[in-house]
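K.L.:
Below are the structure tokens for one structure; questions will follow.
The values are calculated or read from the model by the stated rules, or taken from the named source; none is laboratory data. Predicted, not measured: the structure shown is a model, and the values here were computed from it. Glycine also receives a Cβ, built like all others from the backbone with ideal geometry; neighbour counts cover every protein chain displayed. Accessible surface areas use protein heavy atoms only, side chains included; no ligands, DNA or RNA. Shrake-Rupley method; radii C 1.70, N 1.55, O 1.52, S 1.80 Å.
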Amino acid sequence: LPQERGGNNSFTHEALTLKYKLDNQFELVFVVGFQKILTLTYVDKLIDDVHKEFRDKYRNEFQQKGALGLLNGTFDFKDDFMRLLRDAEESSRVRAPTVMKTFEQSLKSQKTVKCMIETRGEKPKEKVKNKKNKGSKKEGTEAAAAPNKASGGDKQPSAAGDKEELTKDEILQKNREEFFRRHMKAGEKSRSPKPDAQKEKGKKPRVWDLGNSNAKVLDYSNSATNGSAEACPVEEFDPDMALGDKNREPGRLYDLEYDSEDEAEEEKVVQNTSKPSVKKGGLGGMFGMLKGLVGSKSLTREDMDPVLEKMKDHLIAKNVAAEIAVQLCESVAKKLEGKVMGTFTTVTSTVKQALQEALVQILQPQRRVDVLRDVMDAQRHRRPYVVTFCGVNGVGKSTNLAKISFWLIENGFSVLIAACDTFRAGAVEQLRTHTRRLNALHPPESHGGRTMVQLYEKGYGKDAAGIAMEAISYARNQGFDVVLVDTAGRMQDNAPLMTALAKLIAVNAPDLVLFVGEALVGNEAVDQLVKFNKALADHSMAQTPRLIDGIVLTKFDTIDDKVGAAISMTYITSKPIVFVGTGQTYCDLRSLNAKAVVAALMKA
């Protein structure tokens, strides 16, 4: 219920099943528990009867003391419950098994033999009629075509006469000349005029704005770093381009922000335009303002359905997965049904407020991941803190791994990056470049001669689980604080690659498994997370398989206010969004602000 999954009125945990019913008027929850293996047909009747009996018996006390006042006091309902349970059990036993109908009771017995006999003459007659109609149409078209032929008949003899005068070879030659003439004209039109200045022959190397013109730095042919964990050569570059914001506080992870000034301006405009209408309309304007208000009335499903339908469409338009939007609206309806409204409250505002509260609750899951605290705890035990990144292709795993490395280095922790993407071409070189950049921003001289970030790589085509194990062992021996394991991107339907990922996680037992997903996806977010978790559970040898612990939401700067992927991902996994990627520089990393995301989601 706190996770806003009230749309389903049952919950299964191991061998037990719970069914529940909400009473929103008195804020009560009625729950019945039973063994999952039992097929009890009377459970729904029992919970309805208990709900009705309990309300009727203690209605006055609820109104005087409230629900908590009654439940904290003394009340005797045991005898009533046992009576209702006996009645429900007997009603299920009394119900006789369904008896098969006799032939006389069936619909087939009411049909006569005559109506079941098919007369073969009917269908051919219809076909004949259709054929006649088609024939008449053909006759009409032939008649219409006849005058055209008559009119064109004068020209045909002359053309035939010309062809008779020419031989076959001459006719073929003439046709070829016409064909080539047409194509030459078309080619001349499509060709653009040649430029006066001719291009210089030979290729010139392209010079990139942020690149290094030194050819020796770009030459990796004799590099000694491949297959070892030695520090990469330091590259000179502009640090302002890599850092972005100069006024930031080093090491701080800022909250995600959302500017709601547009909403305030819209509200002012609405207020200004509504004032003249009250003066002009007089009493009519006053009644118009009061239209739609509910006074001391309990909400029904019929009242909420139109509003919920609009809310559902709004959520889907904001990129929330369709399935999740339906479940959310169902949960809000269950929570509000039967609840007594205030005097000056509209149904729309009440439903919107309940939905906002539900969305904030979803984005604040039960377990909060505090990476810095966990790293310090691992330091006390003299072992590295291991984080594994997984996700589908092209979502930004390596880029955001580099951002998280930069954030950890600014907080004083040394990082070892394990290049376990041994499949994608250029994956190791990408991490090598990030390592050089990070070492240039935080050179060993600034940290007492200590190298803050290193790359551990063994090239391509190797076993990723083995490389991760060697990297963790190397980090333990060299005294690194954090190991960040980069894995290859894989689609959730690729069984061999999902098995390899499950093996890597099962063998190395990382402290944190982060799923990297992009904010651009809609329904696909649900499919990815469900199948990743399922694959990790299915392919793990452990009795309690290791699943995804948290989410890194990338490309958040590309979606404006369509932030629905955040809701879809947290709802389906009940796991927190640990980091949010908001740009291309190392500083573009944020922590999730639930209220800011909900404000963007509810914006019209």
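K.L.:
Please provide three numbers in whole Å: the alpha-carbon extents of region 514-601 along the principal axes, with the largest listed first.
P.N.:
41, 27, 20
K.L.:
Sort the following peptides by mean Cβ neighbour count (other Cβ atoms within 10 Å, averaged over residues), highest first: 31-43, 567-579, 543-555.
P.N.:
Going by the mean number of other Cβ atoms within 10 Å, highest first, we get 567-579, 543-555, 31-43.
K.L.:
Ile467: net charge of surrounding residues, Cβ under 12 Å, Lys/Arg +1, Asp/Glu -1, itself excluded?
P.N.:
-3
K.L.:
Another one. Run through region 430-504 and list the chymotrypsin sites (Phe, Trp or Tyr not before Pro) located in a DSSP loop whose Cβ has at most 15 other Cβ atoms within 10 Å.
P.N.:
Those that pass, being in a loop and sparsely packed, are Tyr460.
K.L.:
Taking the alpha-carbon set of region 10-93, what are its Rg and Dmax in Å?
P.N.:
Reported Rg and Dmax, both Å: 14.1, 42.
K.L.:
At 1.4 Å probe size, what's the solvent-accessible area of Lys174? Round to the nearest 10 Å².
P.N.:
110
K.L.:
Same structure, new question: Just to check, using Stokes-Einstein with a Kirkwood Rh over alpha carbon pairs, what's the diffusion coefficient of region 458-532 at 37 °C and 0.692 mPa s in µm²/s?
P.N.:
Approximately 234 µm²/s, per Stokes-Einstein.
K.L.:
How big is region 299-362 by Rg and Dmax over its Cα atoms, in Å?
P.N.:
Final numbers for Rg and Dmax: 11.3, 35 Å.
K.L.:
Still on this structure: Mind grabbing the accessible area of Ile467 for me, 1.4 Å probe, Å², rounded to tens?
P.N.:
Counting only protein heavy atoms, the figure is 10 Å².
K.L.:
Could I ask something else about it? Could you estimate the translational diffusion coefficient of region 371-602 from the Stokes-Einstein equation, with Rh from the Kirkwood formula over C-alpha pairs, at 4 °C and 1.567 mPa s, in whole µm²/s?
P.N.:
Translational diffusion coefficient: 72 µm²/s.
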